[in-house]
Structure formats: C-alpha cells, structure tokens
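Encoded as structure tokens, the structure appears first; notes follow it.
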Amino acid sequence: MLQRIRTAPPRYWLVVVVVLFFAGFPTVISSFQAGQWALALILAIAIMGLNILVGYSGQLSLGHGAFMAFGAYASAILAHRYKMDYLVTIPIAGLLTGMVGFLFGVPALRLSALYLALATFALAVVMPSLIKRPVGLTGGVQGISLPPVVVPQLAKDGFTMLTGSAMTSDQWVYYVTFAYALVLFWLAWNLVRHRAGRAMRAIRDGEVAAAASGINISGYKTLAFGISALYAGIAGSLLGLATGYISPDTFPVSLSIQLLVGAVVGGLASIPGPLLGGIFAYFLPIESNQWVPTQTWIPSQIVATVVKAGPAVTYGVVLILLMIFAPNGIVGLATAGYNRLRRRLRGAADRESGHIPPDPQTV
Amino acid sequence: MALLEVRELAVSFGGVVALDHVSFSVEADQVVGLIGPNGAGKTTLFNIITRVYKPGAGAVLFDGTPVTRLAPHEVIRHGVARTFQNLALFRSMTVLDNVMVGDHIRTRSGWLASSVPMPAAMNAESASRKRALEVLDFVGLAARASHPVATLPFGTQKRVELARALVSKPRLLLLDEPAGGISHEEVDGMSRLLRRVHTELGVTMLLVEHHMGFVMGISDRVVVLDFGKKIAEGNPSEVQRNPAVIEAYLGAA
Ligand SMILES: Nc1ncnc2c1ncn2[C@@H]1O[C@H](COP(=O)(O)OP(=O)(O)O)[C@@H](O)[C@H]1O
Ligand SMILES: [Mg+2]
C-alpha cells in the first residue's frame, strides 16, 4: 500500500490536491460564492456527460440543455407534486433522463453527423415550448417553485464542528453538488479506460474497424447517448436544487451552446477537461461583462455589443482563439506544456524514442 | 467441408462490376493467396465477407454459417478476423488499447461494470491486458505497448493491426496486403511472422498480396481475380505458369 502511494504517478497527486481544494474552499469564501461554484460544478457535470458523447463516442449534440431541462422537471415534479424528498429525486431524475437519452439515441443512429447536430439542436429549440404545454404538470410559463432547501442537522453539526460557523443552504447545495461531481467524474474516468469506454473510443476513431473487432456500433452509440443524458439529467436536477425555481426560460438554447463551448474549451476526450470547461463556461460571461466595460482601449461600440449580447460574444471570441492556439482545449495545452518540459528535462538522448502523443488526452 | 466457401459472389457499384460470380473455398489449416491486379475486387471480397458491403448475389459460408446474414460485428464472433489494406487503427489510442479492442469479444463486462469497477470486470480487464501483451510479444512489439499508435512507423502499425486481429483467436484471418507499403527488410519480417501465425497459432489465412515471392512462398493454393472474375486457381507453380494470369499481369503492367 505504502509502496503504491509512493510510486503513484504525479497526476494522482494532482487529483488529491484538486479534490481537497474543492472540499475545503467553500469554508473560506462567502456563501454567495459557494453558490456560484455549485453552479459551475453543475455545468461541469453536464459537460462531462456531453464529453462522453462528443469526446469519447464521437457523436455531436447541440441540445444537451434539453436533457438538463428534462432532469430538472423530473425532480421538480416528483418533489412538488408527489412530495418526494428532493435529494431522493436526483438519482431518479438522472435515470429517467438517461432512458430518454437512450431512446433519443436510437433514431439518431440513422443520422449522419450533420443531421444529428441539427436534430439535437431542434430538440433544444422545441424543449421550452414542450415544457409549457402540460400546464398542470409543469406549471407552464410560470414554472415550478421548489420547497426551500433544508440543511440536514447532521451536515449542520459537522460543518459547525469543522469550521465554527453555521452552514448556509448555499454551502449545503455546494457540497451535494460536489459529492455528485466527484462520483460522476470517477465513474466516467473508469468508464472510458475500461472495456465499454474503449469500445466507444474505437467507434469514434473508426467504425468499420470497430465493427470488425466485434463492437456493436449501434448498441454502444445509443449507450453513450443514454449515459450522457443521465449526466445531463442529474445536472438539471441539481440546478433546480441550487436555484429553487425552474421555468422554461431556465433552459434556453444558449444553455446547450454554453455546454458545448465548455466541453471544447476544457478539452474533449479528457477527464479534467469538463471541470475546467464548467468553471470557464460559468464564470467567463460574468467576468467578461464586468471587465470589458472597464477597459478604455476597447471601442465603445464593442463594449456595448458585449454587454448587450453577453455570453454569446465572449464565447465566440474565446472559441476562435482556442481553435487557433489550443485545438485540444485547456487540458491539451497543459499536457503539451508538461510534455515539453519533461522532454527538456530528460535530455536529448531520449528525444528520438520519446514519443509524445499528438493527442495526449485520450484518457 | 471447407472452412470458408465463397459461392457465386457478385456485386457491382453503379456500373462497375467489382465481383462477377466468384466461387472458391478455403480448407481449414490452409494458406490461400488471393492475387490480381489493382481493382480486381480483392478488397471488395473481404468487405463482403466482413459485412461492410452487401453482396448483390451469391453466398459466403463460414464453417457452414451463412456469413452474409450476420451483422458486421458478429462476423468476428464466428471466428473471422481481418486486417485492412490502408490501416484502420484507432489512431488516438495506444498500441495496447488498440489490441485490447481486438479482445472485445473475449470479455463481456458492460458499461456499469466498467464504470463502477466491479472486481469481476477488473479481473477480466487484466486478463484481457495480459492476452494483448502476449500477442504484442508474439509480433515483437511488447516494448511499444504504451506508445500512441499514430506515432509509430507504417510497418510497425501493420504489425499492430495484425496483433489486434490475432488476439481474438480467429480461425480464419483475412489479410489485405500485409506487406503493402513497407520496406524490404520489413517484408521479410512480415513473411516470417505470418508463417509463425500459421504454424504456431494454427490460423487459416486468406492472403491478398502483391509481392509475388511472398504469396507464392507461403500459400498452399492461389486464387487469381481479374476485373472481378476468377481467372485461375491452383497451387503456386501452376498459377505462375497459367497463360491467363501472365496475360492479366502483363496487361495491367
Ligand atoms: N465503395 C465503392 N464504391 C464504388 N466503387 C467501389 C467501391 N469499392 C470498390 N469499388 C470498385 O470496385 C473495384 C474493385 O476494387 P477493390 O476491391 O478495391 O480492388 P482490389 O482490392 O483488388 O485492388 C474497383 O473498380 C473499385 O473502384
Ligand atoms: Mg485492395
């Protein structure tokens, strides 16, 4: 055991550091900020789902916000109408959304990449109006207000014992989200490096060869849709918990785009990518809307456009910059930098045989 | 009964007749060479056997099973593995992962067992890794296991593809130009390797190849295609003397 700890590769230590950081830092930031970070982690979970679909199985979705909406409404209806404990509804919402995603994946098999993109986009477009229809169930345009979050006594006591202050509901939501993120990222990490994930990656890299190796292409493609939707469903459900209120406007088309941008920016087909992507997708529009107006060198028309159009412009600019300078996202950039450093340290003797992956974030 | 039986197989693409009622068979434990000028229909024949294409007419029986009724991913489960003329490796994956994909049918853990890491699935995973490493050792690439496959030289990638096909323990191996595009020294190495696949692993082979010395040296029988038609069949020396074959090759050259 000790031996294993001592020989663990550096990235395992990095994981430990990151987990400890996310566990500890809500105690030193304000409750409001903890609430913001919960939202960033919620996006990270949804982006991880999207990453399993796009990054690992090679299918594009421009409509994952629709699956978040489904999960959120599943939870809200179960909690509001059927008086279930909200925490219990989260995994149920995830499973239901997963099933919907799986069913959506079946006809999606018949579509080429372009038409799949269009079909998922259409799903995101029609979702808000679909939600509005069954007014009795979904509350129509009014949406559903959820019962206030109750922090369990055990969590309160534990938090007070460790930090000396009382736990706010935002902090509680943060920790629930963090726990889900931890488990779901761990599951994804296992999935992609074992048999089922290997099959998905094989399909992404070449369907003919994958089929010749005995991989059931349609089976794994729909499976990827299902798992991906399950992640989005849980993220949607957590979003309801975090905001306390959901309506069709909570899930605009731009949410789906936000998820895709986050997935690409963080780095597709990587496990840390969605975490970075989630943080990025949540904070970038907020930060840039505050920062841009303070910059005197930016022409005033551009400032006005950015402030008015908000996220869309910022996302667009960042996406273009990344495509040029870091096609493999933030994780790709970091890995390339790390490899360059290691090569230099190892010296010229090894350079010949030191094969550096051109696409290092496969797992 | 023959291990593989191709009966009156025909297919055309638009106006091009790629295969014109071709029949032949491969007995168990034989090496059969399949030769013919470019565009003769050799790759198309492989693509029909592995269900990439549907035949227009005719049948393919493998050990009595009509292959043309199987789904593409079921073919290997019946014991038919293949390599590709222009390499079809999983380019973003490592050598080991590529070969482990070839082992897919010998393990059965599903997505949940993969994600939650169930002990049974993890044992299957290490057994699979062990088999993959053994096969990599057999083709002389054990030291390359953790390398990203795309960074390796072309000739080495061809051996990775061979390893990926072998790890499934096929009864019939379809090899599409295993020595195509590789250097002279590598051609000899590949030839020795394929002999060992035949003698040590006992795999029956249908071999498409342009290096005549290579095919004639290793094959028990040779089938010759030209413009989708079978123009000759027999043992290597018969085929080499066959006027129609000489004509086809001279005409093509
Ligand atoms: N998918 C396809 N679409 C159209 N024509 C094809 C296709 N595949 C093969 N062909 C044609 O079928 C003929 C046989 O090709 P192929 O089997 O690749 O020959 P070989 O492998 O013997 O060189 C060629 O004329 C080729 O152009
Ligand atoms: Mg060919």
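Observations, loosely collected:
- Value of [θ]222 nm, deg cm²/dmol, for chain A, DSSP H segments ≥ 4, -39500 (n - 2.57) each, nearest 500: -24000 deg cm²/dmol
- Close amide H pairs (under 5 Å, H built 1.01 Å from N) link A:S57 with no residue at least 5 positions away or on another chain.
- With all protein chains kept in place, the per residue accessible area of region A:25-252 amounts to 39 square angstrom at a probe of 1.4 angstrom.
- Solvent-accessible area of region B:90-153 (1.4 angstrom probe, protein heavy atoms only): carbon and sulfur portion equals 58 percent.
- Counting only heavy atoms of the protein chains and using a 1.4 Å probe, B:E200 has close to 110 Å² of accessible surface.
- If you take the alpha carbon atoms of chain B and fit the smallest convex hull around them, that volume is 137 Å³ per residue.
- Taking B:H184, B:H78, B:H210 in turn, the Gaussian network model of chain B (Cα-Cα springs below 10 Å) assigns the largest fluctuation to B:H184.
- Cα centroid separation, region B:1-44 to region B:180-236: 15 Å.
- Look at the stretch B:114-124: the mean tally of other chain Cβ atoms within 10 Å of its residues' Cβ atoms is 4.
- Per-residue SASA entry for B:K54, accessible area with 1.4 Å probe, Å² rounded to 10: 150 Å²
- All other residues whose Cβ lies under 15 angstrom from that of A:M167 are scored, Lys and Arg at +1 and Asp and Glu at -1, for a net of -1.
- Solvent-accessible heavy-atom area per residue, rounded to whole Å², over chain B at 1.4 Å: 42 Å²
- Inter-part distance where region A:107-182 and region A:188-264 are each reduced to a Cα centre, Å: 16 Å
- Legend: residue pairs B:K42/B:K169; A:K83/A:K156; B:K54/B:K158, Cα-Cα distance threshold 25 Å; pairs beyond threshold, B:K54/B:K158.
- Shielding by other protein chains, B:66-73, mean Cβ within 10 Å: 3
- Within the listed set A:A40, A:A202, A:A242, the Gaussian network model of chain A (springs between alpha-carbon atoms below 10 Å) gives the highest mean-square fluctuation for A:A202.
- The residue among B:N242, B:T50, B:L133 whose Cα reaches farthest toward the positive pole of the charge dipole of chain B, with charges on the beta-carbon of Lys, Arg, Asp and Glu, is B:L133.
- Relative contact order, percent, region A:25-252 [alpha-carbon distance under 8 Å, six or more residues apart]: 46 percent
- In the complete set of protein chains, residue-level accessible area for A:I320 is approximately 100 Å², probe 1.4 angstrom.
- Ranking A:W13, A:W37, A:W297 from most to least accessible surface, computed with a 1.4 Å probe over the protein chains only, gives A:W297, A:W13, A:W37.
- Counted residue by residue at 0.36 nm each, then reduced by the alpha carbon distance between them, the extension gain from A:S254 to A:A155 reaches 32.1 nm.
- Sites A:L130 and B:R192 - FRET efficiency at Förster radius 60 Å, r taken between beta-carbons, to 0.05: 0.40
- Only one residue of A:V253, A:L137, A:L322 has its Cα farthest out toward the positive end of the dipole of the protein assembly as shown, where Lys and Arg carry +1 and Asp and Glu -1 on Cβ, and that residue is A:L137.
- Summing charges over all other residues whose Cβ lies under 11 Å from the Cβ of B:L136, with Lys and Arg as +1 and Asp and Glu as -1, gives +4.
- Partner chain coverage, peptide A:268-278 - average Cβ within 10 angstrom: 0
- In the elastic network of chain B, a GNM with C-alpha springs shorter than 10 Å, the most mobile of B:R131, B:R82, B:R171 is B:R131.
- Charged neighbours of B:H210, selected by a Cβ distance under 12 Å, balance to -2 (K, R count +1; D, E count -1).
- Buried solvent-accessible surface, both chains (A, B), 1.4 Å probe, Å² to nearest 100: 2800 Å²
- Of all accessible heavy-atom area on chain A, the percent that carbon and sulfur account for (1.4 Å): 70 percent
- Where labels lie 7 Å past Cα in the beta-carbon direction, separation of B:L201 and B:N38 in nm: 3.0 nm
- Only helices reaching 15 angstrom along their own axis (Cα) with mean Kyte-Doolittle hydropathy no lower than 1.6 count here, and not one DSSP H run of chain B does.
- Remark on B:K229: its backbone amide H falls under 5 Å from those of B:D20, a criterion applied only to residues 5 or more positions apart or on other chains, H modelled at 1.01 Å from N.
- Range of Cα positions in the protein assembly as shown per principal axis (Å), largest first: 92, 60, 56
- Whole-angstrom gap from region A:34-64 to region B:92-141, using each part's C-alpha centre: 28 Å
The values are calculated or read from the model by the stated rules, or taken from the named source; none is laboratory data. The structure displayed is predicted, hence computed values, not measured ones. Note that we place each Cβ from the backbone using ideal geometry, even for glycine, and neighbour counts take in every protein chain shown. Areas reflect the complete protein model, heavy atoms only, side chains present, ligands, DNA and RNA absent. Shrake-Rupley method; radii C 1.70, N 1.55, O 1.52, S 1.80 Å.
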